[in-house]
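Written below as structure tokens is the structure these notes are about.
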Amino acid sequence: MLIQLLNGFVYGGLLYVLSVGLVLIFGLRRVVNFAHGSLFMLGAYIGYSVAQLAGFFPGLLASITCMAIFGIILDVGIFRPLQKQDPLLTVLVTFGLLLILEDLARTVWGKDFLSVQVPPLLSGNVEWLGLSYPSYRLMVIVLSISIMLALSLWLKKSAIGLHVRASSADALTTGMLGVNTDFVSAVVVGIGAALAGMAGVVASPLMVLSPSMGSYILVECFIVVVVGGLSSFTGTFVAAMLIGQIHNLGIVYIPEISSAIPFLLMFAVLIWRPGGLIVKGAQ
Amino acid sequence: MSIQSSMKTTLICVLALSSMIGGILVPFLPIGPVNLTLITQGTFTAIMATSVGLLIHQCGLISFGHATFFGLGAYITALLLKNTTLHFTLIVALAIGLPTLFGFLMALVVVRQTGVAFSMLTLAVAQVFHEVILKWRNLAGGDDGMSVQLPKILLGFDSLIFQTASTMFSISWCLLTAILLGLYLFNQSRWGRLVFAIRDNEERVRFLGHDTLLLRAFVFSLSSAIGALGGVLFLLYNAYVSPELLHWTYSGFALVMAIVGGAEFVLGPALGAMVFLFTKDAMGDITEHWQAIMGVTLIVITVWRPAGLAGIAETQFKKFKWGRRDVQ
Amino acid sequence: MNPVALQGIKLTRQFGGFFALRDVDISIPAGEIRGLIGPNGAGKSTLIDVLSGRSTRSQGSVLMDGQEIHQCTPQERRRLGLARSFQRTSIFTTRTVRDQLELASHWKNDDNVQEVMDHLDLKQHQNQVANHLSYGHQRRLDLALALIGKPQVLLLDEPAAGLTMQESLRLAQLLRDLVKRWQITVLLVEHDMDVVFTVCDRITVLNLGEVLMEGTVDEVRSSSLVISAYLGRNAA
């Protein structure tokens, strides 16, 4: 049972790392990035390719770097020009991007499932209180918690973190105060994309790689973000863990309808509290 | 209505009628069985694209879940044909009626939201159905899909008329034309214009004495009904249905067709569907990258020519008619 | 038909601890044009919002023609004959003047679109898209939309907002003529005192969410209570 719970936290952790990127992007640019799942997917594939040559960790590094750059290009090329338009326009354009990136992945890496090995460093099990649990999975949990703490710290303590929070609250005034909001946005979107890529690489030993893995997890990501509240990082974490548990326990105990439950939850939340389950301001 | 607009309406009705006659005659032309199959499938997609486009035009709502209604139309027909001995008209009535009813109930809840929230809600609903059908293997075969055998006689006709391209094309083309005509007339009517006015100023419409939620829910159910009809036709022709039809990305494709074709025009989405169909077929080898092409086209149209292909056609027509002077 | 066309009883609207309206009583006889004035923040627009159904969280009773309508939605109220105009112009920007006025007329068979356009001097602009009208004409259109279908009671929220003195007085005249001709009961919120004193039969004065006084134009003009309420505000 504990194993199941831990597995739920593993999946939740992955969802968190991916979703927090979406929240960051929404916070700064007020748009929902429908291509976010594709960033996850690309990150995983880039990690795979580099891992074939140089090992898992260089793959991770390469992926994070590439996706960060891609994120900046995304912000400059799409989010910034469409800033003043109806957010639905960005939804459509990023959806178009999703279609393109999936096709790209299929062309470059083929549509067969690929798999990535757990890095030898973390391939063992951790023994504790009579329980044996894979080290890699434990690492994922630790990683997601670390990222949450790191992000909180960064947002609260650093100068740029202050700018990010200010821009999220009121971009216009922040801009008038002399902060280069475009620069801040580019940085944040870059980080969001990098996190998506990281999530992709970290997830790859735990799932199969396919071009459509992006659109699949995108939907769960939306659920996390809606349930957690688009403006709350704490909410994202709690929601991600919740959805992770539901996803996991559901598969084990009630497979037929388990995958429907998160959607029903999202549906319920959007109806009753368009702002999410966590009240704004819990940041 | 002024004389000018009633003349225009009469003209449109005449065009619709000619289109239907044309649809009946087309199978007699030497266009080859492959092309005939192609355009038959095309009409189903055109009907689905039209249902998505209706919602965009009248309500400004972008639904990522309309494939649900198309898929439900197909699945309900299949399940009823397979498991019951109900009369065919009843089956069709249920296959269209149940998704429409669901659409109406769903709309009462969902249409309160607008913009991205609405899109995400429709996505969620679509995925619920997708997951249920996928996982519930005993019901409908899950991933493998479900094939059905049509009974020999339907509505007094040999059921083969639904499975042969030449006859099925005429049937669905006429239905498509009827739907488009109906939508055109609806848009011109008082109720159609009122719903459209909600996009401009929802509050004022309410203060003029109308329940805006009910109005939009009505349009939503109308689009569900159209989508479901498309699904029924799809099933009758292909005698097979699979969960792909319920996936949100399938809705996405219909969305792309509607937007590229031009959702602000009644025949825009259908045009978009047909154009994609023919281009895909003509491109042959490059069909491998079909998805990317869709993505690029969507981006280009959304950013550069939001009025879509129909809009471009209209502008060109106006330029031709009035000269380049004052037309953008 | 009830002699009292519109009545508000103990209307209260709270925002947390702040009372925008507190126990407001107002009673307007049929056919009267009642002015509603008061310093900024007095609660005038809030009262209109409560009476028209735009504001949903309020206590008290609203009676139209003796019938309780406090629980009614804005659309239900309109169907019963209660119409309103808006302080921030609320029109259909992409439609022509004539188009939207026709859109506004529905169940009533008498198509008073022509009459309204004539009276409010909008006829020459009938085929212009609302977006292209001057601000002044847009204000008139906002008012015109409320007049379609000859409502029984009309709530006007600063119809002259942003208009020049000349435009305001002209509008006031047009309004008074039309309303008297059609015997519509009116509650008119206005800052422009010239308009109020020209058009209204009686005036209710609000201050800090409560009714300060109610009386004829002369009574209100000469009331020291009213004067100090306005001056008190300025002095503070």
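What follows is calculated from the coordinates using simple rules that are stated; it is not laboratory data. Computed from a prediction, not measured in an experiment: that's the story for all the values here. Counting neighbours? That spans all protein chains shown, and the Cβs are built from the backbone with ideal geometry, glycine included.
Annotation note: trypsin sites (Lys or Arg not before Pro) in the range C:1-85 located in DSSP loop regions with a Cβ neighbour count of at most 13 within 10 Å are C:ARG57. Take the Cβ atoms of A:LEU177 and A:VAL76, set R0 to 25 Å, and the FRET efficiency comes out at 0.65. For the residues of A:82-92, the average number of beta carbons from a partner chain within 10 Å of their own beta carbon is 4. Here is the result for the range C:163-236: no chymotrypsin sites (Phe, Trp or Tyr not before Pro) lie in DSSP coil with at most 12 other C-beta atoms within 10 angstrom of their C-beta.
Have a look at the DSSP beta bridges in the range C:4-235 and tell me what percent are antiparallel, nearest 5. Roughly 60 percent of the beta bridges in the range C:4-235 run antiparallel, per DSSP. For the listed residue pairs C:LYS10/C:LYS44; A:LYS84/B:LYS319; B:LYS135/B:LYS280; C:LYS150/C:LYS180, the alpha carbons are over 20 angstrom apart in A:LYS84/B:LYS319; B:LYS135/B:LYS280. Mean-square fluctuations from a GNM of chain B, with a 10 angstrom spring cutoff on Cα atoms, peak among B:THR212, B:THR89, B:THR167 at B:THR89.
Annotation: lysines with alpha-carbon distance below 18 angstrom to B:LYS321 (same-chain offsets under eight excluded): B:LYS8. With a 10 Å cut-off around each Cβ of B:120-132, the average count of Cβ atoms from other chains is 6.
Phi-derived couplings, Karplus 6.51 cos²θ - 1.76 cosθ + 1.60 at θ = phi - 60°, listed residue by residue for the range B:278-284: 5, 5, 4, 5, 5, 7, x Hz, with x used for Gly and Pro.
Between B:ILE312, C:GLN59, A:THR174, the Cα set farthest toward the positive side of the dipole of the protein assembly as shown (charges on each charged residue's Cβ, about the Cα centre) is that of A:THR174. For chain A, the longest principal axis of the alpha carbon atoms and the long axis of helix A:56-74 meet at an angle near 20°. Rounded to the nearest 20, the size of the Cβ-charge dipole of the protein assembly as shown about its Cα centre is 500 debye, with Lys and Arg at +1 and Asp and Glu at -1. Inter-chain Cβ neighbour count for C:71-80, averaged per residue, equals 4 (cutoff 10 Å, partner chain atoms only).
Ranked by the mean number of other Cβ atoms within 10 Å of their residues, highest first, the peptides B:46-53, A:235-242 come out as B:46-53, A:235-242.
Quick one: among B:ILE76, B:ILE226, B:ILE259, which has the greatest mean-square fluctuation in a GNM of chain B with alpha-carbon springs under 10 angstrom? Comparing B:ILE76, B:ILE226, B:ILE259 in a Gaussian network model of chain B, the most mobile one is B:ILE76. With the charge dipole of the range A:2-211 set up from +1 on Lys and Arg Cβ and -1 on Asp and Glu Cβ about the Cα centre, the Cα lying farthest toward the positive end among the listed residues A:TRP109, A:ALA150, A:ILE64 is that of A:ALA150. Annotation: amide H of C:HIS70 within the under-5 Å range of C:VAL62, sequence separation 5 or more or interchain, hydrogens built in the peptide plane. Every helix of 4 or more DSSP H residues in chain B counts as -39500 (n - 2.57), and over all residues that averages to -25000 deg cm²/dmol at 222 nm. Comparing Cα centroids, the range B:75-118 and the range B:216-245 end up 8 angstrom apart. When the chymotrypsin sites (Phe, Trp or Tyr not before Pro) in the range A:106-210 are filtered for DSSP coil states and for at most 11 other beta-carbon atoms within 10 Å of their beta-carbon, the remaining sites are A:PHE113.
Longest exposed-loop-site-free stretch of chain B, with trypsin sites (Lys or Arg not before Pro), DSSP loop and at most 10 other Cβ within 10 Å? The reported range is B:153-323. Between the range C:58-90 and the range A:2-18, the alpha-carbon centres lie 53 Å apart. If you plug the beta carbon distance of C:THR198 and C:ARG57 into 1/(1 + (r/R0)^6) with R0 = 56 Å, you get a FRET efficiency near 0.95. Can you give the angle from 0 to 90° between the axis of helix A:213-228 and the longest principal axis of chain A, with both taken from C-alpha atoms, to the nearest 10? Once rounded, the angle reads 60 degrees. Using only side-chain charges placed at the Cβ, +1 for Lys and Arg and -1 for Asp and Glu, the dipole size of the range A:98-179 relative to its Cα centre rounds to 240 debye.
Can you give the longest stretch of chain A with no exposed loop site, where a site means trypsin sites (Lys or Arg not before Pro) in a DSSP loop (not H, G, I, E or B) with at most 12 other C-beta atoms within 10 Å? Within chain A, the longest run free of exposed trypsin sites (Lys or Arg not before Pro) spans A:112-279.
In summary, no aspartates and glutamates lie within cross-link reach of A:LYS156, defined as a Cα separation below 15 angstrom excluding same-chain residues under 8 places away. With both residues required to sit in the protein assembly as shown, DSSP beta bridges show an antiparallel share near 65%. Between C:GLN166 and C:SER224, the FRET efficiency from the beta-carbon distance, with R0 = 41 Å, is close to 0.80. Taking Cα atoms only, the orientation of helix A:87-109 departs from the longest principal axis of chain A by about 40 degrees.
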